[in-house]
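Take a look at the structure set out below.
The values are calculated or read from the model by the stated rules, or taken from the named source; none is laboratory data. Owing to the predicted nature of the structure, the values given are computational and were not obtained by experimental measurement. For neighbour counting, all protein chains shown are included, and Cβ atoms are generated from backbone atoms with ideal geometry for every residue, glycine included. For accessibility, only protein heavy atoms count, side chains too; no ligands or nucleic acids. Shrake-Rupley method; radii C 1.70, N 1.55, O 1.52, S 1.80 Å.
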Amino acid sequence: LGMPSVPTKLAERRKSRQIMVGSVAVGGDAPVSVQSMTTTRTSDIGATLQQIAELTASGCQIVRVACPTQDDADALATIARKSQIPVIADIHFQPKYVFAAIEAGCAAVRVNPGNIKQFDDKVKEIARAAKDHGTPIRIGVNAGSLDRRLLQKYGRATPEALVESALWEASLFEEHGFRDIKISVKHNDPVVMVNAYRQLAAQCDYPLHLGVTEAGPAFQGTIKSAVAFGALLSEGIGDTIRVSLSAPPVEEVKVGTQILESLNLRQRGLEIVSCPSCGRAQVDVYKLAEEVTAGLTGMEVPLRVAVMGCVVNGPGEAREADLGVASGNGKGQIFVKGEVIKTVPESKIVETLIEEAMKIAEQMEAEGVTS
Ligand code: SF4
């Protein structure tokens, strides 16, 4: 049995300052974290905490809650106290909710100071309150709500417009000596978004929160986010990510986690290496892969399991994995760490793989290897 493979990364991480969002470090050499946002009414404390618990269980590390009303602001203290993961209050326009969120003990606040500049001295007061409480701020520039002045200057939400907006927003806090900031410049077009983050990354040392905004339903949103985050993270850009899907937030966390695992930015958990099947397949690969996945989901060790439909690539892939099967002639050759340990009839493939996986997991756990 081997140790988990040493992650190979695509690029050096961009150097950024580090901030603390509650207990989670963001930026610097901290691991890239996965965020999501609740879809409940924040004022419904029970429902919101329930959803946060589900998100936490699925691996979400930081959660954002919207705060559009006084009732929502009033709920923040309980939610922040009872949540197991840091809670960020998402606030637009209303400075009084920013103060409320800071007082409530939220781990961070998302607010764009440009929106509240019109209120005299409020930016200064927010900077002071945030500094006193050690509360970082996320400046979240979004193509859909770009400052009118910049829209006029650039004609539309170009990467340059998004970056200029973000740096201007940051400067409003910097004027008051406040730099406990992370920044996002979201756009629904991955190409614009990637260019915006590249430019922003070159022009400041703030940690960056990646997002493709309004990415769409699960299938489209997953691909847009994976492509855009993949491009940036493979260049070392990005310190925390949120996949935005028109789907339950737990799905966002699953996608975000998988993106990080795919890039070796996070220890991989269970990984099924299954072939797409083709005319040579001698077994129903889809069904087999699904059954093996279902049987092994929830295992706490990083395990690579190969499920291959025939003997062409089968033995090779199965040998590279911790565990695998290469099917042929109504039988499955079961491999553990490159050795054929037995050949079983097709009907026994799934249970044999699960049995062997359990043995490997026990041994890994005994060696202290967990994902
Ligand atoms: Fe086809 Fe065999 Fe490759 Fe699966 S392993 S895709 S069945 S050639």
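Some observations on this one:
- Separation in nanometres of the label points that stand 7 Å from Cα toward Cβ, at E320 and R81: 5.3 nm
- Portion, in percent, of the accessible area of the chain that falls on carbon or sulfur, probe 1.4 Å: 49 percent
- Amide hydrogen proximity for I341: with H placed 1.01 Å from N in the peptide plane, the residues at 5 or more positions away or on another chain lying under 5 Å are I334, F335, V336.
- Longest to shortest principal axis, alpha-carbon extents of the stretch 118-157, angstrom: 39, 21, 12
- Percent of Cα pairs in the stretch 1-144 per distance bin of 10 Å, from zero to the largest separation: 11, 38, 32, 13, 5, 1, 0.
- For the stretch 134-192, a Kirkwood hydrodynamic radius built from all Cα pairs, placed in the Stokes-Einstein relation at 10 °C and 1.306 mPa s, yields a translational diffusion coefficient of 133 µm²/s.
- From phi via Karplus (6.51, -1.76, 1.60), per-residue ³J(HN,Hα) for the stretch 246-257 in Hz, x at Gly/Pro: 7, 7, x, x, 4, 5, 4, 5, 4, 5, x, 5
- Pair-distance distribution of the chain: all C-alpha pairs, bin width 20 Å, starting at 0; shares per bin in whole percent are 27, 49, 21, 3.
- Relative packing of 143-152, 189-198, which averages over residues the other C-beta atoms within 10 Å, highest first: 189-198, 143-152
- Viscosity 1.567 mPa s, temperature 4 °C, Stokes-Einstein D of the stretch 132-232 from Kirkwood C-alpha radius, µm²/s: 93 µm²/s
- Computed across the stretch 60-103, the Kirkwood radius stands at 10.5 Å (inverse of mean 1/r, all Cα pairs).
- Average 1/r across all pairs of distinct alpha carbons in the stretch 256-371, invert it, and you get the Kirkwood radius: 14.1 Å.
- Working note: Cα atoms of the stretch 312-356, range along each principal axis, descending, whole Å: 24, 23, 13.
- Calculated from backbone phi, Karplus (6.51, -1.76, 1.60) coupling profile of the stretch 298-303 in Hz, x at Gly/Pro: x, 5, 8, 10, x, 10
- Taking amide hydrogens as placed 1.01 Å from N in the peptide plane, the amide H of C106 sits under 5 Å from that of no residue at least 5 positions away in sequence or on another chain.
- Accessible area of the chain divided out per residue, in Å², using a probe of 1.4 angstrom: 45 Å²
- Our coupling estimate for the stretch 24-41, obtained by passing each phi through the Karplus curve with A = 6.51, B = -1.76, C = 1.60 and θ = phi - 60°, is 9, 6, 10, x, x, 9, 5, x, 5, 9, 10, 10, 8, 9, 6, 10, 7, 5 Hz, Gly and Pro reported as x.
- Residues N264 and E214, FRET efficiency given R0 of 35 Å [Cβ-Cβ distance, rounded to 0.05]: 0.75
- For S33, the amide hydrogen comes within under 5 Å of the amide hydrogens of T240, I241, counting only partners 5 or more places away or on other chains and with H modelled in the peptide plane.
- The stretch 95-179: Cα Rg divided by the 2.2 N^0.38 Å rule of thumb: 1.11
- Label-point separation, T39 to A294 (7 Å along Cα→Cβ), nm: 2.4 nm
- Inter-site label distance for R280 and S347 at 7 Å from Cα along Cβ, in nm: 2.9 nm
- Options P249, V185, L210, ranked by Cα towards positive dipole end of the stretch 99-250, top entry (Cβ charges): P249
- Cα point-scatterer Debye curve for the stretch 235-309, base-10 log of I(q)/I(0) at q = 0.13 Å⁻¹: -0.53
- Kirkwood Rh and Cα Rg combined as Rg over Rh, evaluated for the stretch 1-76: 1.13
- Charge dipole (the stretch 103-150, unit charges on Cβ, about Cα centre) - positive-most of V111, L146, T135: L146
- Rounded to 5, percent antiparallel among DSSP beta bridges of the chain: 30 percent
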